[in-house]
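The values are calculated or read from the model by the stated rules, or taken from the named source; none is laboratory data. Predicted, not measured: the structure shown is a model, and the values here were computed from it. For neighbour counting, all protein chains shown are included, and Cβ atoms are generated from backbone atoms with ideal geometry for every residue, glycine included. Keep in mind that these areas ignore ligands, DNA and RNA; they rest on the heavy atoms of the full protein, side chains included. Shrake-Rupley method; radii C 1.70, N 1.55, O 1.52, S 1.80 Å.
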Amino acid sequence: MPSVFALGGGALTAEEVRDELARSAFTVLLDVDVDEAWRRTRGSDRPLAQDEEQFRALYAERRPVYRSVADAVATDVDGVLLAAAGVHHELGALERLGELVPGDGPVALVADSTVMGIYGPAAQTALGDRLRSTHELPPGEDAKQLHVVENLWSELTVDRSATLVALGGGALTDVAGFTAATYLRGIPWVAVPTTLVGQVDAGIGGKTAIDIPQGKNLVGAFHWPARVVIDEALLATLPERERRQGEAERIKTELLAGRALDVRAAAAYKAAIVLRDPRDGGVRNWLNLGHTFAHALEAAADFDLPHGEAVALGLLAALRLSGRDPQPVVDALDPQPVHVDRDRAWQALLRDKKRTGDEINVVLLGDDGPYVEARSADEVRAALYTLIGE
Ligand SMILES: NC(=O)c1ccc[n+]([C@@H]2O[C@H](COP(=O)([O-])OP(=O)(O)OC[C@H]3O[C@@H](n4cnc5c(N)ncnc54)[C@H](O)[C@@H]3O)[C@@H](O)[C@H]2O)c1
Ligand SMILES: [Zn+2]
């Protein structure tokens, strides 16, 4: 299990400590300026914080040492969470991609053809000398196919010192991440999500996957990106319909967190959950709020229903089952009933939950946040049917 260590101010003056951190830790510097540091410590019984002049001199002396060991610098809780998950959030970050890809080894750039057309040149310029090869995949879900992975395996010429950079939406990062997980038994990769779905959800957490005829995301690997670069400037060209997909996941995250979240804060919330549960055996399940219903509706619609629209509907059902007012979801996402066969949707839900019994586990929302609870099949079915129009 990974552990969190909070080091005292003097620990880093020892070379052994600095070496050990470089070897075996991811070090986050919680940066405060000297005035703030003094405001917090003055009047305390800390021996080195008795005299202001001395304190300021010590701060000036240690600051460069702290900076030199820091893998990341953060100024707030979200910043620490993002840093710990390897997520870098910065407007205009694409232009600094060359520096943001860890190490100095070669890079293979993978993007879908639409995104390559828009951001490929800027990414290539930013990667400079490090760029070895460029690979274009089909846009959207069509990329998440074994033959696409095979093709990419055969195109890649880099060795294990290389990093694969995945530039695109969730479909692209899923398939490129899976390729990185498998090529040469795994090479590091960097996700540069270009959709809102990617920036608040798909790019974070290390799940990679492709689809097979038996179902979506059935083959994949956990392979954490060495870094996730979130540049909200890339969303400027995102079609409105795609943006709405991401809005559904962002609103879902707001419900889970119980407060308003911008893209950075939503990404930090996802980072917190996946750091607690990297292998998806516990709290990560909370991220499925509304998804039991969403998946059933998508299957009943032969996947002709966009995931975000299905999630918006699913959130309504989850809130109703939780005894909560669904109005915030109506206001934010305006979900419209879908016209699918009710029985098909219900059978799909049972199959998805691998249940035919009397009770079904669903993620619900309480005053203290999300929880999982078994509800009667009748209740769940009734909640599902409210989402389906005549
Ligand atoms: N790994 C995970 O944890 C995880 C989580 C959620 C979703 N996903 C996966 O993510 C996929 C959905 O991802 P998505 O919603 O990002 O869609 P997507 O990757 O299919 O992209 C949608 C479309 O938007 C275009 N596009 C992307 N960025 C653009 C930009 N900046 N400007 C203009 N066009 C742009 C793409 O070319 C594509 O046509 C699904 O396959 C889903 O399974 C994975
Ligand atoms: Zn989702």
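Okay, here's what the table says:
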quantity: Set Arg276, Arg250, Arg241, Arg284: member being more than 16 Å from ligand 2 (Cβ to nearest atom) and among the charged types (D, E, K, R); calculated: Arg276
quantity: Pick from region 197-236, criterion more than 26 Å from Ala122 (Cα to Cα) and among the β-branched types (Val, Ile, Thr), ranking: surrounded by the most Cβ atoms within 10 Å (Cβ to Cβ); calculated: Ile210
quantity: Residue among Ala312, Ala332 that alone is open to solvent by less than 20 Å² (accessible area, probe 1.4 Å) and modelled with pLDDT of 95 or more; calculated: Ala312
quantity: Test result for Arg250, closer than 22 Å to Val101 by Cα and open to solvent by 10 Å² or more (accessible area, probe 1.4 Å); calculated: no
quantity: Residues being in contact with a strand residue (DSSP E or B) (Cβ under 7 Å, 6 or more places away or on another chain) and over 26 Å from Ser3 (Cα atoms) - total across region 15-70; calculated: 0
quantity: Helices (runs of 4 or more DSSP H) completely within region 85-189 that count 2 or more residues being away from ligand 1 (no atom under 12 Å from the Cβ), surrounded by 24 or more Cβ atoms within 10 Å (Cβ to Cβ) and modelled with pLDDT of 95 or more; calculated: 170-182
quantity: Within region 299-333, tally of residues that are in a helix (DSSP H, G or I), free of Cβ contacts under 8 Å to residues at least 12 places away in the same chain and touching a Lys or Arg at 6+ places or on another chain (Cβ under 8 Å); calculated: 0
quantity: Residue check, Lys216 over 12 Å from the mean Cα position of the chain (by Cα) and modelled with pLDDT under 95; calculated: yes
quantity: Any chance Leu29 is closer than 25 Å to Arg264 by Cβ and touching a Phe, Trp or Tyr at 6+ places or on another chain (Cβ under 7 Å); calculated: yes
